[in-house]
Amino acid sequence: MSFWYKIYYNLLYLAIKFLVKSKLMPPNPIKELDLDTTHSFLYVLPYYSIIDLLTLRQQCFSIGLPDPFHPITINKIKLPAYLFINDKPQTFHDYKSNLRKDSIKTFITYLDLHFNNPELNIQLLPVSVMFGRAPGRKTHFKKSSLHFPYGIQKFLSIIWLGRDTFVSFSHRIFLQKIVYEHGSDKFIVTKLIRVARIHYLRKRLAAIGPKLPIKHDLFNKLLKLKIIEKSIKDEAKIKKISVKKAKKNAINIMEEIAANFSYEAIRITDRILSWTWNRLYQGITVQHAERVRQLAQNVNEIVYIPCHRSHMDYLLLSYVIYHQGLVPPHIAAGSNLNFWPIGQIFRHLGAFFIRRSFNGNKLYSHIFREYLSELFFRGYSIEYFIEGGRSRTGRLLAPKTGTLSMTVQAMLRENIHPITIVPIYIGYDHVLEVASYIKELQGMKKEKENLFTIFKSLFKLRKLGKSYVNFGQPIKLKNYLNQFIPKWRQSFKIIPTERPIWLNLAVTKLAHNIMVSINNAATVNSINLCSAALLASKEGALTKKQLLKQMKCYLELFNNVPYSEESVTPKEAADFLLDEALKLKKIIIKKNKIDDIILLPKKNIVIMTYYRNNITHLLILPALLANIILHNNHIHINEIYRQVILIYPFIKEELFVRYNLEELSDTIDIVINELIRQQLICKNKDCININRSNIYTLKLLSENIKEILVRYAITLVLLNKTHKISRAILEKETYILAKYISILHGINTLEFFDKISFSTLLNTLKKEGYINKEGNMIIISNANLIYYTIIKLISTEIRFTIENVHQISNNVL
């Protein structure tokens, strides 16, 4: 490089250091892409740009990768450490320009050197640099295409978007592997360059997304669809209005629904959220994001389906996805959030609004379904909350299948890329709305969202600990249907209806699998770990020594008997996690000469059940086993199998637990072996005994299922006292008795009076053959079988209360 070129590059590099602040994709490329920094790298960029190369150099210095401007010397031959796939665009473009020839020649030289020196193994590292990620709008005048700025446009991009620059690394490829598999001639190099072009185009499309529609054109396209035209005519006929008026109603519905995605709004919000997260949260832990990046680069239509804890979920997930180098999704938001100015802001961030119910409004239903299909057709990723609303208890809610059904129907249409569902677990050390959830569960009316409630919640903002986003195992819709309904393609062709006959059953099963997958991706944190231990004790208090012992017990269970491959357990020790929890001031420590006491303030006892419920499903099987062993003292392994297999279907349905009945016995054996290893129980031949020296740890573990079993027993004893009862009376008596027992025995859990849990229990009782339904009446078959098993697993005091239930309930009523 000449002296003047060095001066030019150094001046340009200084300007870039001042104007450009780039973000890495993925955030930690060395770790996530397993880059070996002890070997040399050949950086490959998509097109000629010294500015891009200097921006890459800036990031290489910051993360410890070799300088791309430092040539690689092999056998005294100096070769550049970077290559450009394409030349810079020119007014008179020459596809055989010298620069491209030089790149091909350099690439061939690298391959020849590796061919002649098998010990060489330089890593080829594809990198792309993007100044901003605006997709632009579709126009009538030119096709949607990916555009690389240059010249004056590039200069303006640096000034305007320098602080919004992304350096994206791809997986490395060893040059020795290329030589071994393909050789080193010019044909292979040309082919590899062609593959690289496709890779960069896909990567760029995944990062910026397809061009956005002009709203007027989108509405006109929807209005021309036959099903919408028919719905408009039907609307006019039913409401006795003109077709013109009905068409105006249809446009109003589209205005109510449609998003108005704006890249500038995303950029501004990113700045605000980056500032907000840094002040509110002590970090965002993201797991398994590489799965989603890979799906996007393989041109999948991604449907993000997270659990719903808080209104923060919308913002957190979009923020995380954006910083993973992907396009933020279009989000199905409840119509309750469509108020000024929040509704307008959310629309610009990709939200489209959905009513709680479509019943009785076919025009709305058809427009929403076609709008959703159009989003898929255009290649946008979608996000919706399958639970329908935020969980008030900390557990997953029963799924609502309407939007999911529309997703499956969209897949059945032609010209749509493969649709893949990504279940996502979202967790927090602190949920902003948890206090209002408790009030709602205690009977207070839900506070309507408005500008005042937003401002009121801002005053509650403080240090909130960490937040957690874990991307679960993707579910490819076509693969799922091939497995669940092998002949779905043929049946759809034979009966080409809007709703295939197999749809409801397939969607119901799919929805349940999604909920199980979300639970599979649960993330354990200091707060839910401490709450699970403390809430198991009377008055929510333990000595520090016992609490640390209990936390260690849980951590060893999670690590030695992993719930799933997707679940995440903290790597830190119990004492470190306890210190973390104490900093959040949800639990307090009281100094004592004998041993410090860790306790939950009374005002926090109910609140902390929300956080414990986030991970209840991880502990539920060990807790059930501990409960059975404690209440039997000395029990044969076969009797343990019998009791677990009898009770497990109810737990599985309520908590979306992953284990199938076929694998349950093996899982029981694994958990029992872990409890033996922890010296909580002993095994003598085929009998299990309690280890008296660690009985308190075992008892605390068993308490994680206490309230569930009590709730089951309340319903079952009422069913056992009669042969026939109406659902309304059963629900009323169950609520009264649950209230009575909660006061008498100090049960303060959010889900104890939850009607959804009650409904799930009745559905499982019917499924398992314990009851039948005739209209609104419940006919009892053999509910006593499950009742007498469960009643033996609860405390003597509560059992006494429940066994006198008939007299108590009659007196109260």
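Observations on the model:
- Yes/no for Ala250 being over 14 Å from the mean Cα position of the chain (by Cα), buried (at least 20 other Cβ atoms within 10 Å of the Cβ) and closer than 19 Å to Leu218 by Cβ: yes
- Residue, farthest from Glu370 (Cα to Cα), within region 212-238, restricted to residues that are at pLDDT 90 or above and basic (Lys, Arg): Lys237
- Residue pairs meeting the criteria (Cβ under 7 Å; at least 6 apart or on separate chains; first over 15 Å from His39 (Cβ atoms), in region 103-122; second open to solvent by 20 Å² or more (accessible area, probe 1.4 Å) and assigned to a helix (DSSP H, G or I)): Ile104/Lys186; Ile108/Lys186
- Single residue of region 176-191 satisfying the filter (in contact with a helix residue (DSSP H, G or I) (Cβ under 7 Å, 6 or more places away or on another chain) and of a type outside the set (Ser, Thr, Tyr)) that is nearest to Pro118 (Cα to Cα): Gln176
- Positions within region 30-48 being modelled with pLDDT under 90 and under 17 Å from His114 (Cβ atoms), in sequence order: Asp36, His39, Ser40
- For region 738-757, residues that are in contact with a Leu (Cβ under 8 Å, 6 or more places away or on another chain) and among the charged types (D, E, K, R) total 1.
- When region 206-232 is filtered for residues that are surrounded by 18 or more Cβ atoms within 10 Å (Cβ to Cβ) and of a type outside the set (D, E, K, R), the ones remaining, listed by number, are Ala206, Ala207, Ile208, Gly209, Leu212, Pro213, Leu218, Phe219, Leu222, Ile228, Ser231, Ile232.
- Every test in (1) modelled with pLDDT of 85 or more; (2) within 22 Å of Leu205 (Cβ to Cβ); (3) not hydroxyl-bearing (Ser, Thr, Tyr) is passed by Leu79 save one, and that test is (2).
- Residue match in region 575-595 (condition: closer than 30 Å to Glu797 by Cα and small (Gly, Ala, Ser)): no
- Screening Ile714, Ile645, Ile672, Ile741 for residues that are under 36 Å from the mean Cα position of the chain (by Cα), open to solvent by less than 10 Å² (accessible area, probe 1.4 Å) and within 27 Å of Lys766 (Cα to Cα) leaves exactly one candidate, Ile714.
- Residue tally, condition surrounded by 17 or more Cβ atoms within 10 Å (Cβ to Cβ) and closer than 15 Å to Tyr322 by Cα, over region 268-284: 4
- Qualifying residue in region 630-639 (condition: open to solvent by less than 10 Å² (accessible area, probe 1.4 Å) and over 17 Å from Leu534 (Cα atoms)): yes
- Residues that are part of a helix (DSSP H, G or I) and open to solvent by 10 Å² or more (accessible area, probe 1.4 Å) within region 584-611 comprise Lys602, Lys603, Asn604, Ile605, Val606, Ile607, listed in sequence order.
- In summary, helices (runs of 4 or more DSSP H) completely within region 149-262 and bearing 3 or more residues that are out of contact with any Cys (no Cβ under 6 Å at 6 or more places or on another chain), in contact (Cβ under 8 Å) with a residue 24 or more places away in the chain and closer than 27 Å to Asn338 by Cβ occur at 215-223, 226-239, 243-257.
- Pair list, Cβ < 7 Å and 6+ apart or interchain, from region 332-361 residues that are closer than 18 Å to Leu315 by Cα to residues that are of a type in the set (S, T, N, Q) and open to solvent by 40 Å² or more (accessible area, probe 1.4 Å): Phe339/Asn450; Arg347/Asn260; His348/Asn260; Phe353/Ser335; Phe353/Asn338; Ile354/Ser335
- Residue list for region 768-807, filter: in contact with an Asp or Glu (Cβ under 9 Å, 6 or more places away or on another chain) and modelled with pLDDT of 85 or more: Ile786, Ile791
- Leu744 under 26 Å from Thr609 (Cα atoms) and not charged (D, E, K, R): yes
- Tallying residues that are aliphatic (A, V, I, L, M) and touching a strand residue (DSSP E or B) at 6+ places or on another chain (Cβ under 9 Å) within region 777-805 yields 5.
- Flag if Arg163 is basic (Lys, Arg) and modelled with pLDDT of 85 or more: no
- One residue from Ile438, Ile494 being modelled with pLDDT under 90, farther than 26 Å from Asn298 by Cα and open to solvent by less than 50 Å² (accessible area, probe 1.4 Å): Ile438
- Val299 fulfils the conditions (1) assigned to a helix (DSSP H, G or I); (2) surrounded by fewer than 16 Cβ atoms within 10 Å (Cβ to Cβ); (3) in contact (Cβ under 8 Å) with a residue 40 or more places away in the chain except for a single criterion, (1).
The values are calculated or read from the model by the stated rules, or taken from the named source; none is laboratory data. None of the values given here were measured: they were computed from a predicted structure. Every residue, glycine as well, gets a Cβ built from its backbone with ideal geometry; the counts of neighbours run over all protein chains shown. Areas reflect the complete protein model, heavy atoms only, side chains present, ligands, DNA and RNA absent. Shrake-Rupley method; radii C 1.70, N 1.55, O 1.52, S 1.80 Å.
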